[in-house]
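Report on one structure; see the data block that follows.
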Amino acid sequence: MASEEVKEVLEKVRETLKARGARTIAGLGRTFRALDSYDGNKKVDKEEFVVGLRENGVDLTQDEADALMGHFDIDGDGHVCFDEFLVGIRGRLNENREPIVHEAFAKFDKDSSGEIAIEDIKGVYNTDFHPDKQSGEKTDEEIFQDFLSSFGDKNDDGIITKDEWIEYYSAVSSNIDDDDHFNLMMKNAWQLD
C-alpha cells in the first residue's frame, strides 16, 4: 500500500477507536500489554496485532492490517512496539500536555543546554532512599545513569535530549486518556507548580 493508503487506514483506526469512547486508546494499550504477557518484550507480532485491534472494535482487511503492520514494524522484525503504535494512533503530545512536559524538562536542564546530563539531575533527584543505594549495590553515579536510561537515552551517552524526553512522554501520554490526569501525574511526579 502507498503512503496515502496507510494514512487512510490509520485514520480509520483512529476514528473507530474514537467512536468507541475516550478511554479506548488506553484500553488498546492494556490489550496489547496483556497479549505481550508471554515474553514481555513490549512488542506484538502480526497475529497479536490483529487480535488486539479486533478486541477493541477495529476490523481491518488483511491488506489493511498488513499495511499498518508494515508501517509500524520499523526494524522489519515482524513485531510492532506497542508504545510506538499507541503514539502513532494518538499522535504526539497535544497542546494541553506539551507545556508541562517542557516544564519538567526545564526543571532538570539546569544549565539550559537543551540536554539533561548527570550533572543536571544532581540535587533534583535524590538517591538517598533508592533501594540500590541503601543496599550498597549501586553508587549515586550508577543510579543517575539508570535514571537517565529509563527516560529514553537511546545511545547510552548519559544525556537525554529534549527530543528523547518528548518521545518518552509521548509514549507515556498515549496510555493516558485524560489531559487533566496526565498533567496531574506530571505535576506530582516532578513537583511542578
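The values are calculated or read from the model by the stated rules, or taken from the named source; none is laboratory data. The structure presented is a predicted model; accordingly, all values stated were derived computationally and were not measured. Cβ: placed from backbone, ideal geometry, glycine included. Neighbour counts: every protein chain shown.
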Out of the residues in the stretch 15-29 that are part of a helix (DSSP H, G or I) and modelled with pLDDT under 70, state the one that is nearest to VAL172 (Cα to Cα).
ALA26
Of (1) in contact with a Lys or Arg (Cβ under 7 Å, 6 or more places away or on another chain); (2) more than 19 Å from GLU167 (Cα to Cα), GLY114 fails just (2)
Checking the structure you have, find out if any residue of the stretch 84-101 is over 30 Å from GLU8 (Cβ atoms), assigned to a strand (DSSP E or B) and touching a residue at least 40 places away in the same chain (Cβ under 8 Å).
no
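So that you can scan it fast, the table gives a plain yes or no per residue for (1) touching a residue at least 40 places away in the same chain (Cβ under 8 Å); (2) in the same structural domain as PHE108 (by TED's automatic domain parsing); (3) farther than 20 Å from ARG90 by Cβ; (4) part of a helix (DSSP H, G or I):
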| position | (1), (2), (3), (4) |
| --- | --- |
| GLU137 | no, yes, yes, no |
| GLU142 | no, yes, yes, yes |
| GLN145 | no, yes, yes, yes |
| ASN155 | no, yes, yes, no |
| ASP163 | no, yes, no, yes |
| TYR168 | no, yes, no, yes |
Determine, yes or no, whether ARG33 is part of a loop (DSSP other than H, G, I, E, B), touching a helix residue (DSSP H, G or I) at 6+ places or on another chain (Cβ under 9 Å) and surrounded by 13 or more Cβ atoms within 10 Å (Cβ to Cβ).
no
Do the conditions hold for PHE82, that is, is it within 22 Å of SER3 (Cα to Cα) and either surrounded by 18 or more Cβ atoms within 10 Å (Cβ to Cβ) or not basic (Lys, Arg) (or both)?
yes
I'm told GLU5 meets every condition in (1) within 28 Å of ASN183 (Cα to Cα); (2) assigned to a helix (DSSP H, G or I); (3) in contact with an Asp or Glu (Cβ under 9 Å, 6 or more places away or on another chain); (4) of a type outside the set (Lys, Arg) except one. Can you identify the failing condition by its number?
(1)
Take the conditions closer than 30 Å to LYS162 by Cα, assigned to a helix (DSSP H, G or I), touching a residue at least 24 places away in the same chain (Cβ under 8 Å) and outside the structural domain of ILE176 (by TED's automatic domain parsing) and apply them to GLY52. Does it pass?
no
Every listed condition ((1) at pLDDT below 80; (2) closer than 20 Å to ASP178 by Cα; (3) more than 19 Å from the chain's Cα centre (by Cα)) holds for GLY91 save (3)
Which members of the stretch 104-132 meet the condition of being part of a helix (DSSP H, G or I), at pLDDT 90 or above and either over 18 Å from the mean Cα position of the chain (by Cα) or of a type in the set (A, V, I, L, M) (or both)?
ALA104, ALA106, LYS107, PRO131, ASP132
Across the stretch 158-188, which residue is farthest from ALA117 (Cα to Cα) among those that are touching a strand residue (DSSP E or B) at 6+ places or on another chain (Cβ under 8 Å) and surrounded by fewer than 17 Cβ atoms within 10 Å (Cβ to Cβ)?
LYS162
A careful count of residues in the stretch 58-79 that are surrounded by 15 or more Cβ atoms within 10 Å (Cβ to Cβ) and over 21 Å from the mean Cα position of the chain (by Cα) gives 6
